[in-house]
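> Following this message is one structure expressed as structure tokens.
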Amino acid sequence: MVFKWSEAYSVDNTVIDKHHRHLFDLFNKFNDALSSDNNESIVHDILLEIKDYTVYHFSYEEEAMKTSRCPDYEMHKQNHDDFIIEVDNLISNNDTHQCLEKGAKTYKLLLVWLQNHILQVDQHYKPYFKN
Ligand code: FEO
């Protein structure tokens, strides 16, 4: 399952759309590693990369929401924090191993979360910092 960007994901903000596209590129990289490399250390490294970039993106988005006084900030931030906990759990050594065993299922869980978040939750702030 390879992610393909479409305008439906756009939040009409150039920087944030760029972040989201990059996140999906990382997820595609993760999927490739799960299906071809089958190497625990590569999968672990990509999960770290996903976590680092996600933390960076969430922080940027949360700051923009605060500056623009978007409603639902607390709920949105909680949503972000929950995702980071999920990725942190996968990064722990045992779960990286299980991640390989579960392969596509883990990838699908993360990807579906991200797609739903961008298609639903992120769309709420669209009118507040459109550019
Ligand atoms: Fe783009 Fe709320 O993450």
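The values are calculated or read from the model by the stated rules, or taken from the named source; none is laboratory data. Note that the coordinates shown come from a computational prediction; the quantities given were computed from them, not determined experimentally. Because the Cβ atoms are built from the backbone with ideal geometry, glycine has one as well, and the counts that use them run over all protein chains shown. When the accessible area is computed, the model is the full protein with side chains, heavy atoms only, and any ligands, DNA or RNA have been set aside. Shrake-Rupley method; radii C 1.70, N 1.55, O 1.52, S 1.80 Å.
> Beyond 24 Å between alpha-carbons counts as too far, so tell me which of Lys4/Lys66; Lys77/Lys108; Lys18/Lys108; Lys29/Lys66; Lys4/Lys77; Lys29/Lys51 fall in that bin.
Pairs exceeding the cut-off: Lys4/Lys66; Lys29/Lys66; Lys4/Lys77.
> Please give the per residue accessible area of the range 51-91, computed with a probe of 1.4 Å over protein heavy atoms only, in Å².
For the range 51-91, the solvent-accessible area averages 57 Å² per residue.
> In addition: Just want the answer: with Cβ charges of +1 for Lys and Arg and -1 for Asp and Glu, which residue in His117, Thr14, Leu90 is farthest toward the dipole's positive end in the chain?
Looking along the dipole axis, the top candidate is Thr14.
> With +1 on each Lys and Arg Cβ and -1 on each Asp and Glu Cβ, how big is the dipole of the range 1-72 about its Cα centre, in debye rounded to the nearest 20?
With Lys and Arg at +1 and Asp and Glu at -1, about 160 debye.
> Over the chain, what percent of the accessible surface lies on carbon and sulfur atoms, probe 1.4 Å?
50
> Which residue fluctuates the most in the chain, going by a Gaussian network model with Cα springs under 10 Å, if the choices are Glu74, Glu40, Glu49?
Glu74
> Between Lys77 and Ser41, what FRET efficiency follows from the Cβ-Cβ distance if R0 is 30 Å, with the result rounded to 0.05?
The pair Lys77/Ser41 has a calculated efficiency of 0.40.
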